[in-house]
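Below: the structure, in structure tokens.
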Amino acid sequence: MQGTNTAINILEADRPRVGTISAIGILHETIQASVWRRPTHYLSAAVQRAFSWRYAVVKRLLDILLSSILIILCFPVMLAVAIAVALTSPGPIFFYQERRGRLGAPFRIIKFRSMYAQKHKDNVFEINGHHRRSEADRRNEAAYPLSKDTPDPRITPVGRITRKLSLDELPQLFNVLRGDMSLVGPRPIVEAEVPLYGQHFAYYDLFRPGITGLWQVSGRSDVGFDRRVLFDREYASEWSCLLDLKILSRTVPAVITMRGAY
């Protein structure tokens, strides 16, 4: 990955804080050295969970099983959305964009196109522009990746419906099946968003991005960016299969109420 300056890092906690582990795992070369200093107990917990057999085996098996079932169950809906997108605005049915995966591995996320084709561009300049603004200015508005124009003229009429109901994200089930994403995890980000995470970026990088997560079930775009980062830290340091199931159970009500969906 570009911008990395270390190979393998071995982290040691100041004292045993999570279970009986004081020597905390070996991390992949894609994690930046500048992020990893002496780990806090939150980071130690996150590393322990991210490299556990439960995450590697149990979570992956659940992702494969549940995403396969959901693809079959949701296929009629996906077919209807694909036809509606194709018939109501010119352009491709699907929208692809490179996102940052676990440990810096890039992947192409897939969604149903919800914007007019010529308007559906990466938001790198807006993200970096927001990052350069003063903290005072940023406190007076929602952070870029979460702020949405209401109504946004770039969004198609069908796109407004699919976004409200999160139907545009159904194709990401194939990203989950391939192993690029998980059903539950941090919100997938573009490379330009990495600096916005600051010292908390390590928590994001340890886990596969998810279709849903703590941010998605806690208000989505109504939640500020700083709070979203803390949600990622909380998820990483407290991850368990039970937590994933709880988030999945909260996802359906969140979609139905459409809180924070624009």
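A few points about this structure:
- For the residues Arg220, Arg228, the requirement of being more than 22 Å from Leu103 (Cα to Cα) and either at pLDDT below 90 or among the β-branched types (Val, Ile, Thr) (or both) singles out Arg220.
- Checked against the criterion of being over 12 Å from Asp232 (Cβ atoms) and in contact (Cβ under 8 Å) with a residue 12 or more places away in the chain, the candidates Leu196, Leu206, Leu177 yield just one match: Leu177.
- Scanning segment 82-102 turns up no residue that is touching a residue at least 24 places away in the same chain (Cβ under 8 Å), farther than 19 Å from Ser240 by Cα, in contact with a Leu (Cβ under 8 Å, 6 or more places away or on another chain) and among the aliphatic types (A, V, I, L, M).
- When the helices (runs of 4 or more DSSP H) confined to segment 150-262 are screened for residues that are more than 15 Å from the chain's Cα centre (by Cα), small (Gly, Ala, Ser) and buried (at least 17 other Cβ atoms within 10 Å of the Cβ), those reaching at least 1 such residues are found at 157-164, 225-238, 241-257.
- Applying a threshold of 6 Å to beta carbon distances and a minimum spacing of six or more residues, or different chains, the list of pairs starting in segment 224-237 at a residue that is closer than 16 Å to Ala50 by Cα and ending at one that is surrounded by fewer than 21 Cβ atoms within 10 Å (Cβ to Cβ) reads Arg233/His200; Ser237/Tyr42.
- In segment 90-130, the residues that are at pLDDT 90 or above and assigned to a loop (DSSP other than H, G, I, E, B): Pro90, Gly91, Pro92, Ile93, Gly101, Ala105, Arg113, Ser114
- Scoring Ile69 on the criteria (1) modelled with pLDDT of 95 or more; (2) among the hydrophobic types (A, V, I, L, M, F, W, C); (3) surrounded by 12 or more Cβ atoms within 10 Å (Cβ to Cβ) leaves a single failure, condition (3).
- Residues being free of Cβ contacts under 8 Å to residues at least 12 places away in the same chain and either part of a helix (DSSP H, G or I) or of a type in the set (A, V, I, L, M, F, W, C) (or both) - total across segment 47-81: 12
The values are calculated or read from the model by the stated rules, or taken from the named source; none is laboratory data. All figures in this text were calculated on a predicted structure; none of them were measured in a lab. Here the Cβ is made from the backbone with ideal geometry for all residues, glycine too, and neighbour counts use every protein chain on show.
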